[in-house]
1. Ranked highest first by average number of other Cβ atoms within 10 Å, how do 5-11, 173-179 line up?
2. Compute and list, largest first, the equivalent-ellipsoid semi-axes of the range 113-229 from the alpha carbon gyration tensor, each √(5λ) rounded to a whole angstrom.
3. How high is the relative contact order of the chain, given as a whole-number percent (alpha carbon pairs under 8 Å, six or more residues apart)?
4. Hey, fewest Cβ within 10 Å first, where do 74, 4, 155 land in order?
5. If R0 is 22 Å, what FRET efficiency do you get for residue 191 and residue 16 from their C-beta distance, rounded to 0.05?
6. Where does the chain land on the Kirkwood hydrodynamic radius, alpha-carbon pairs, in angstrom?
7. Treat each spin label as a single point 7 Å out from the Cα along the C-beta direction, and report the residue 65 to residue 179 distance in nm.
8. Counting each DSSP H run of 4 or more residues in the chain as -39500 (n - 2.57), what helix-only mean residue ellipticity at 222 nm follows after dividing by all residues, to the nearest 500 deg cm²/dmol?
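What follows draws every value from the coordinates through simple rules; no lab data is involved. Keep in mind that what you see is a predicted model, and the values were worked out from it rather than measured. No Cβ is skipped: glycine too gets one built from the backbone with ideal geometry, and neighbour counts run over all protein chains shown.
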């Protein structure tokens, strides 16, 4: 393929991704009320905490943002498949086979990351953050900031759980090996801390470590999978 043909193929794949993401976002908006209820259940476990909406369009804008994040989650298999279809002509037959086998695992690991954050990480984090400080302070988080905090962590937790699959694939096709990944531990830890600081919507170190700790653990799992590869 010529450079122009590659660009045309990339344009076609991007159009498919945008259309699928738009459809998935509409589906997410249809079920946005149920999604909001699921997220609000997390804070209901903490006594004395209520969520309030201050701005007039706040509930609508937060539902739209949550729908977009849900759209990304729903369209993730299609997005990954389109990326694979674009890269497929440049891969060897055995590399194509490994990627095709890994596509279902990408979805499973993403769902696992979201479930891990929802059932384990977030309840403990919210209880610590909301109950921290004086008992005389009434805690009433704003709806927009609360949903932004929860949905962002859920999304990036799902994406971060893809790390072992990504490292396994790179090791399988010979780009990296487990020894090199082991030597890169300190650099990986630094990059993970920087990413965690960017991902978390609040600057406190507790939220940063909620993201950074699983990311580094997944990096170690990726090294183990790369050794098997």
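1. Working: 5-11: 11.6, 173-179: 13.4.
Ranking, from highest mean packing down: 173-179, 5-11.
2. That gives 33, 13, 11 Å for the three semi-axes.
3. 24 percent
4. Placing the least packed residue first, the sequence is 4, 74, 155.
5. Plugging the Cβ-Cβ distance into 1/(1 + (r/R0)^6) gives 0.10.
6. Over the chain, the inverse of the mean reciprocal pair distance is 19.6 Å.
7. With each label point 7 Å from Cα toward Cβ, the separation is 4.8 nm.
8. On the way: 10 runs with 178 residues, N = 229.
Calculated from helices alone, the mean residue ellipticity at 222 nm is -26500 deg cm²/dmol.
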